[in-house]
Each structure stands twice: as structure tokens, then as C-alpha cells.
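The values are calculated or read from the model by the stated rules, or taken from the named source; none is laboratory data. Because the structure is a prediction, the values reported are computed rather than measured. Cβ atoms come from the backbone with ideal geometry, glycine included; neighbour counts cover every protein chain shown. With ligands, DNA and RNA removed, areas are computed over all heavy atoms of the protein, side chains included. Shrake-Rupley method; radii C 1.70, N 1.55, O 1.52, S 1.80 Å.
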Amino acid sequence: NTPAAVADSTPPMRVLAVDCSTPVSSIALLEGPRIMGEWTVQAREPHNRRLLKSIDRHLQELGWTFEQLDGFAAGIGPGSFTGLRIGVTTLKTLAWAVQKPFAGISSLDALAAPLALAALSVCSLIDARKEEVYCALYQPDGRGGLIRRTPYLVEAPERLLTRIELPTIFCGDGWPRCRDLFSKELGDRVREAPGTCQVVRAGFVGELARQRFQAQQGDDPVAVVPLYVRPSEAEIQHPHLRSSAL
């Protein structure tokens, strides 16, 4: 066999991905670049009461076991502090238990990923409450990927508005907080993503992770912590907590 033939015979990587950064719960199972199953719901129960049983049920539907998974990925935020702790800790623990690769993927990156083939700039937004949004700006690279142009931010819409110079597609559950102001001030520079691009989907968390696994760029599950961007109320009141690891 030629090296190419040997490489082609390698079974596609199976990845379990989740995102719990918002009230929407998303789980996906990928085999290579194919999404074999994706479940994205506005959960009525807290993430901690449904995540593991949902993962187990969806694995059973595909006839897969945890041991047959080749990689694990979690959206690390920013977003809901409690949801992030649940999602990240669960997937880190599963990866460690079966000694398989793990990748933490920014939920803002995953939110923007469906728009990578667009011709315009992309701004992903997650509701941060307190009249603010978590956000990042991206530019398509022309090859199906996105280049992030800003740090991961938490800002009031009025501050974010000053960063928008080009026609931009806006996506995410933080967009309703900005829509009226941006539409008034930016006019035809505003493009609103379709509804299917307004939630963080685990399928894109899994695909971004799969690309990293292929490049041998997984994360140490022990070292990964959620991307909070801003301190929690507890950390504001007790600054010594900010150095605590998950």
C-alpha cells in the first residue's frame, strides 16, 4: 500500500462536543467532518440535571460507547458561569477517564463559524446581562475560516458600536440587546444572521475541535478553565477567588 492509501484507510475520528454557555443546551456527535447527530434545545431543566443522561441517550441512538469516542470538546465560553462549569467539567472528566484528546473551544468562535464563507465581517454576541454583551469581531479568510480581529470582550452595546467600521453580520443571543441601537446608528452596515445562526451549536464546537485534533493541538484537560472574560459576583466580592482553578 502507498502511504496515501494507508492514510485513507484510517477510520474517521469520532468526537463528542457540547456547549452549555447559554440557556440553550447543545450536544453533537461527529464522525470525521460529518455531524452524525446534533441536539440543540432551549432546556427547561438546568444543564447539570440533563447533560450526562442526554449524552448517554444520544450515544445509544448511534450505537456508540464512550470507549469508541476519539475526542471530546466543550464550549468554554464566555457565557453563563454555572453552565460553563458544568459543560467544561463534564467533558474534561470524560476525556480524562478514557484518556482521549480534549479541546476547549470559545463559544464565540463556534457561534461565528457557520458564517465563515460569508463575504462580510462577522460579530458574534452572547448576552452577558447587566446591559452588556460578550463579543468578538471576525473577518473571513477566504478559505472557509475566520480570523478573529479583536480579543474576547465584554462591553456595553454603545462601546461595541464604535468598533464597527465595515458592513457586518451579527449573530447570537446578545444581538437583540444591540439591534435597535445598531440599526439606528449603523444603517445599511447591519446584516442580521438567520435564526439558525443565533445559537451556539455543538456541531461547530466539534468541527473546530476536530481540526485542532488533526493538527495535534489538543488541550490538557486538567489545565483548561472556562473563558469567563469578566469576574463573577463572588470574585468581585472576594478577589482572592479569581486565582482559583476550576
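Key figures
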{"quantity": "Check on residue 143, closer than 16 Å to residue 172 by Cα and surrounded by fewer than 18 Cβ atoms within 10 Å (Cβ to Cβ)", "calculated": "no"}
{"quantity": "Scan of segment 117-134 for residues that are aliphatic (A, V, I, L, M) and either within 18 Å of residue 52 (Cα to Cα) or open to solvent by 10 Å² or more (accessible area, probe 1.4 Å) (or both), ordered by number", "calculated": "117, 118, 119, 120"}
{"quantity": "Any hit, segment 44-67, residues being within 25 Å of residue 136 (Cα to Cα) and either touching a residue at least 60 places away in the same chain (Cβ under 8 Å) or open to solvent by 50 Å² or more (accessible area, probe 1.4 Å) (or both)", "calculated": "no"}
{"quantity": "Answer residue from segment 82-96, given it is of a type in the set (Ser, Thr, Tyr) and touching a helix residue (DSSP H, G or I) at 6+ places or on another chain (Cβ under 8 Å) and is most open to solvent (accessible area, probe 1.4 Å) among those", "calculated": "82"}
{"quantity": "Checklist (1) open to solvent by less than 70 Å² (accessible area, probe 1.4 Å); (2) within 17 Å of residue 26 (Cα to Cα) applied to residue 168, failing item", "calculated": "(2)"}
{"quantity": "Among (1) buried (at least 16 other Cβ atoms within 10 Å of the Cβ); (2) on the phi > 0 side of the Ramachandran plot - the single one residue 99 does not satisfy", "calculated": "(1)"}
{"quantity": "Hits in segment 155-208 (condition: among the small types (Gly, Ala, Ser) and within 23 Å of the chain's Cα centre (by Cα))", "calculated": "156, 172, 174, 193, 195, 202, 203, 206"}
{"quantity": "Test: residue in segment 21-34 that is at pLDDT 85 or above and open to solvent by 80 Å² or more (accessible area, probe 1.4 Å)", "calculated": "yes"}
{"quantity": "Boolean, residue 212 is in contact with a strand residue (DSSP E or B) (Cβ under 6 Å, 6 or more places away or on another chain), in contact (Cβ under 8 Å) with a residue 40 or more places away in the chain and charged (D, E, K, R)", "calculated": "yes"}
{"quantity": "Scan of segment 56-86 for residues that are more than 15 Å from the chain's Cα centre (by Cα), among the hydrophobic types (A, V, I, L, M, F, W, C) and at pLDDT 95 or above, ordered by number", "calculated": "59, 62, 64, 69"}
{"quantity": "Enumeration of residues in segment 142-163 that are in contact (Cβ under 8 Å) with a residue 12 or more places away in the chain and more than 15 Å from residue 180 (Cα to Cα)", "calculated": "144, 145, 146, 148, 149, 150, 151, 152, 153, 154, 155, 163"}
